[in-house]
Each structure stands twice: as C-alpha cells, then as structure tokens.
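No lab work stands behind these numbers, since they all come straight from the coordinates. Just so you know, these numbers come straight off a predicted model, no measurement behind them. Cβ atoms come from the backbone with ideal geometry, glycine included; neighbour counts cover every protein chain shown.
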Amino acid sequence: MSIAGASPLGRPVDWYVIYDDGTAAHLQVVGEVEPVLGRPGRLVSEEEYGERMAQLRESSAEHVAALEAADVARQETDYQGLRAAGVPEDTARRMSGYEEGRRSA
C-alpha cells in the first residue's frame with residue numbers, strides 16, 4: 001500500500017552491538033545512517049555478534065545447570081532430614097521433591 005505523495009524511507013539495515021556491560025543487540029534501522037546507541041557500547045560485525053551470543057547462551061546454560069544441581073542437593077538434604085525424623089519414604093519424597101535414587105517398583 002502506498003500513500004499519494006509519500007516516498008519510501010529506505011530499506012532496513014542490520015546493525016550489531018555489544019554493549020559495555022557484555023549484553024548484545026541486533027538492531028534494524030531504516031536507511032544507511034549509523035545508529036546512535038542509547039548506552040555505552042560498540043558496533044560490531046555480524047560474526048562477532050554471533051560469537052558473543054554463543055558465549056552468552058553457554059554461560060546461561062552453565063548457570064541453569066548450577067542452579068538445578070543446587071536445587072537437587074537441597075532436595076536431598078531435606079529428604080534425608082525427613083527420613084531421619086522417621087517420615088516414610090514416599091511422604092519424604094513428596095515433601096522434599098527429591099526423586100534421585102528412587103527404587104524402581
């Protein structure tokens with residue numbers, strides 16, 4: 001759809017940014033004018049942006065794995081405490097959420 005008397009602004013151009021805090025962004029700007037960043041950072045190549053995104057994904061996955069391991073350790077501690085207090089196994093597992101080491105039926 002076009003409006004009579006209006007001319008197109010231009011095509012979207014992709015820009016890639018790595019900010020000083022380590023985060024990354026992919027910007028699309030209409031026209032060829034270099035974007036002004038709203039916070040400290042630098043424009044980078046698509047390749048450098050891709051490398052930074054891969055690093056961020058890996059770091060995030062490692063962080064999630066550490067959180068999950070800590071949660072399992074907490075659940076096991078709670079489970080062992082409940083068992084030591086005489087709580088039946090199935091009830092202790094439900095209360096603690098601990099499922100590791102469950103005997104198969």
Exercise for the section: Quick one: plug the Kirkwood hydrodynamic radius of the chain (C-alpha pairs) into Stokes-Einstein at 4 °C, 1.567 mPa s, and report D in µm²/s. Expected result: 69
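Calculate, in nm to one decimal, what ASP71 and VAL87 gain on full extension: separation in residues at 0.36 nm each, minus their alpha carbon distance. Present the calculation step by step, with values, prior to reporting the outcome.
Working: separation 16, 0.36 × 16 = 5.76 nm, distance 2.07 nm.
Contour length minus Cα-Cα distance gives 3.7 nm.
Using just the helices of the chain, give the 222 nm mean residue ellipticity in deg cm²/dmol: DSSP H runs with n ≥ 4 each add -39,500 (n - 2.57), and the total is spread over all residues, rounded to 500.
Details: 2 runs with 47 residues, N = 105.
So the helix-based figure for the chain works out to -15500 deg cm²/dmol.
Once you keep just the Cα pairs under 8 angstrom separated by 6 or more residues, what percentage relative contact order results for the chain?
Computed value for the chain: 18 percent relative contact order.
Is region 24-82 best put as rounded, prolate or oblate by its Cα gyration tensor, with a ≥ b ≥ c the root eigenvalues, rounded for a/c under 1.5, and otherwise prolate when a/b is larger than b/c, oblate when not? List each step's numbers first, then the result.
Working: a/c = 5.49, a/b = 3.75, b/c = 1.46.
Prolate shape, in that a/c is at least 1.5 and a/b is the bigger ratio.
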Problem - Phi to ³J(HN,Hα) by Karplus 6.51 cos²θ - 1.76 cosθ + 1.60 over region 56-64, Hz, x for Gly, Pro - result: 5, 4, 5, 4, 5, 4, 5, 5, 4
Practice task
Go through GLN28, PRO12, TYR79 and say which Cα lies farthest out towards the positive end of the charge dipole of the chain; charges sit on Cβ, +1 for Lys and Arg, -1 for Asp and Glu.
Solution key: TYR79
Handout entry: Spacing of the two label points (7 Å from each Cα toward its C-beta) at ASP21 and LEU43, in nm
Key = 2.3
Completion exercise
In units of 2.2 N^0.38 Å, the Cα radius of gyration of region 53-105 is 1.52
